[in-house]
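Only one structure is covered here, and it is reproduced in the block below.
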Amino acid sequence: MFAAFGAEEEGLRGSQALVNALRAEGYDGNLKAMINMDSMITGDMLYAHAGENSVANPALTSLREHTFRIAKELGIELFTNPGLNSDYPAGTGCCSDGDSFNNAFNIPGAVYGGDQLGDR
């Protein structure tokens, strides 16, 4: 399934609406992963991180780790959250549409996006 969301900054309304609709249709056990591509055309660095739910369940880092393996094979420099803020452990992120899916379905998730040097 491919979905585009709006209103992320307004409380993840778009992604939460899809999660609610999927649950109503009985998709609770059928979703395997969520890939969120956010801010792909901004910044001067590319990053990937797993959802916050991966702290309690390291198996949920699989998409992020697979992405790092592929990037290394292709010679692409890829970064992740270094964990300088204790609210966001290393390798995780927050506040994006992936959170709606991570919280509802506890599935592996990966968020990909751009980052500006000044943001780190």
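Being among the β-branched types (Val, Ile, Thr) and either part of a helix (DSSP H, G or I) or touching an Asp or Glu at 6+ places or on another chain (Cβ under 7 Å) (or both) is the filter here, so list the residues in region 1-54 that pass it. Across region 1-54, the qualifying residue is only VAL19. Scanning region 1-50 for residues that are of a type in the set (S, T, N, Q) and within 13 Å of the chain's Cα centre (by Cα), we see that the one that is surrounded by the most Cβ atoms within 10 Å (Cβ to Cβ) is SER15.
With respect to ALA71, determine if the residue is assigned to a loop (DSSP other than H, G, I, E, B), on the phi < 0 side of the Ramachandran plot and at pLDDT 90 or above. Spelling it out, it is not the case that ALA71 is assigned to a loop (DSSP other than H, G, I, E, B), on the phi < 0 side of the Ramachandran plot and at pLDDT 90 or above. Counting only residues that are within 14 Å of the chain's Cα centre (by Cα), farther than 24 Å from ASP28 by Cβ, surrounded by 14 or more Cβ atoms within 10 Å (Cβ to Cβ) and among the small types (Gly, Ala, Ser), region 51-92 holds 1 of them.
Every residue, every condition in (1) without any contact (Cβ under 8 Å) to a residue 40 or more places away in the chain; (2) in contact with a Leu (Cβ under 6 Å, 6 or more places away or on another chain); (3) small (Gly, Ala, Ser), yes or no:
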site: ALA4; (1), (2), (3): yes, no, yes
site: ASN20; (1), (2), (3): yes, no, no
site: LYS32; (1), (2), (3): no, no, no
site: MET37; (1), (2), (3): no, no, no
site: HIS49; (1), (2), (3): no, no, no
site: ASN53; (1), (2), (3): no, yes, no
site: ALA56; (1), (2), (3): yes, no, yes
site: THR61; (1), (2), (3): no, no, no
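The values are calculated or read from the model by the stated rules, or taken from the named source; none is laboratory data. What you see is a predicted model; the values in this text were computed from it and never measured. Neighbour counts run over all protein chains shown; Cβ positions are idealised from the backbone, glycine included.
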